[in-house]
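The values are calculated or read from the model by the stated rules, or taken from the named source; none is laboratory data. As the structure is a prediction and not an experimental result, all values here were calculated from the model. Glycine gets a Cβ as well: all are built from the backbone with ideal geometry, and neighbour counts include every protein chain shown. Heads up: the accessible areas ignore ligands, DNA and RNA and are worked out on the full protein's heavy atoms, side chains in. Shrake-Rupley method; radii C 1.70, N 1.55, O 1.52, S 1.80 Å.
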Amino acid sequence: MLPRFVGEGIVSLISTAVAGLIIAFVATFYLKKRDERTRVAGVVLEKRVNCGQEILYYLERLSYHRQLYSDKEQEWYELLQSYDLTLPHGSFLQYSDVFSSYDQFQDFFKGIEETITRNKLWMDKKVRFHLSLMQGYFAWINALLVGIARVPLPEGKQLSDEEFKEIASILLLQIGITLDHEINGLLAHLETLIVDSVYRLDLNRPRKSMTRKGMFNRDMVRVLKELDKKTLLGLHRERYFALMITLVYSYKQIEMSDGDIDEMIKNIFPEQPQ
């Protein structure tokens, strides 16, 4: 039988060894966890930088500007003023190159949807929300173009495909002129959000997904409300509808009154948010 002091020493030695093993295990666990988090942060950061660059590079097309130089310049200036639409550059009618024609806008619109879908997985919540806002913004502009074909016309006055494209191109130019400042602001804010998302990397998983409940989740409702209440496109939507209807009737040389326009807006676009 071992002396008492020897037994206590052995117990103390075993306890110390076990404590050391526990400390080593805990330290190793947390170090591995920290290293894994650092590795994940590096991957996310790289993906985020690349995605942000791709999105901004694509949307840089909005920064290519033109100015209207034609005999229509003064006429359009007075027309857009009569609808009380914004003219951010005054009588200098400037617009982004993507609004130069119907085909050019459709190419841009299709591309922005593909670019956002391909990259939004790696974006943070604020950037994804703003991208959804911009996507919805251009979708509303596209809805105005679709509305051209829905304007009721007398028999024999229906639009041909060529006439539709010509009217759509004119309307796009007018929309681009009046919304130029707002579109520049949306792009500038996106750049700020993307830079912040890189320098303030947050790896916490969002509680709600923008797509988990389709178009009916809260974030999409927020997007629609912001479009409707906080953008010129939403606040002036009825003016744009009226401009579009007037353009169609003027192109087809059909007379109409202001009352006719108001009635058409109610009948053709009843689904527009109030």
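Potential lengthening of the chain between Y251 and R66 amounts to 64.2 nm, from the contour at 0.36 nm per residue minus the alpha-carbon distance. According to the calculation over all Cα-Cα pairs in the stretch 59-107, the P(r) per 10 Å bin from zero is 24, 48, 27, 1 %. Annotation note: GluC sites (Glu not before Pro) in the stretch 114-185 located in DSSP loop regions with a Cβ neighbour count of at most 15 within 10 Å are E155.
Given +1 at the Cβ of Lys and Arg, -1 at the Cβ of Asp and Glu and no other charges, the dipole of the stretch 85-212 around its Cα centre is 1020 debye to the nearest 20.
Among 86-96, 63-73, sorting by the average number of other beta carbon atoms lying within 10 angstrom of each residue, highest first, gives 86-96, 63-73. The H on the amide N of L93, modeled in the peptide plane, is under 5 Å from the matching H of L68, each at least 5 residues off or on a different chain.
Of K229, K165, K252, the residue with the largest accessible area leads and the full order is K229, K165, K252 (1.4 Å probe). Taking each of K47/K126; K225/K266; K157/K252; K47/K125; K47/K120; K110/K225 in turn, the alpha-carbon distance tops 18 angstrom for K225/K266; K110/K225. Just check the stretch 77-180 against the gyration tensor rule for me: Cα atoms, a ≥ b ≥ c as the square roots of the eigenvalues, rounded for a/c under 1.5, and otherwise prolate or oblate depending on whether a/b exceeds b/c. Here the stretch 77-180 falls in the oblate category. If you take all other residues with their beta carbon under 10 Å from the beta carbon of L159, and give Lys and Arg +1 and Asp and Glu -1, the sum is -1. Taking the protein heavy atoms of the stretch 44-107 in the context of the full set of protein chains, the accessible area attributed to carbon and sulfur is 47 percent at 1.4 Å. Considering only alpha-carbon pairs that sit under 8 angstrom and 6 or more positions apart, the relative contact order computed for the stretch 37-160 is 28 percent.
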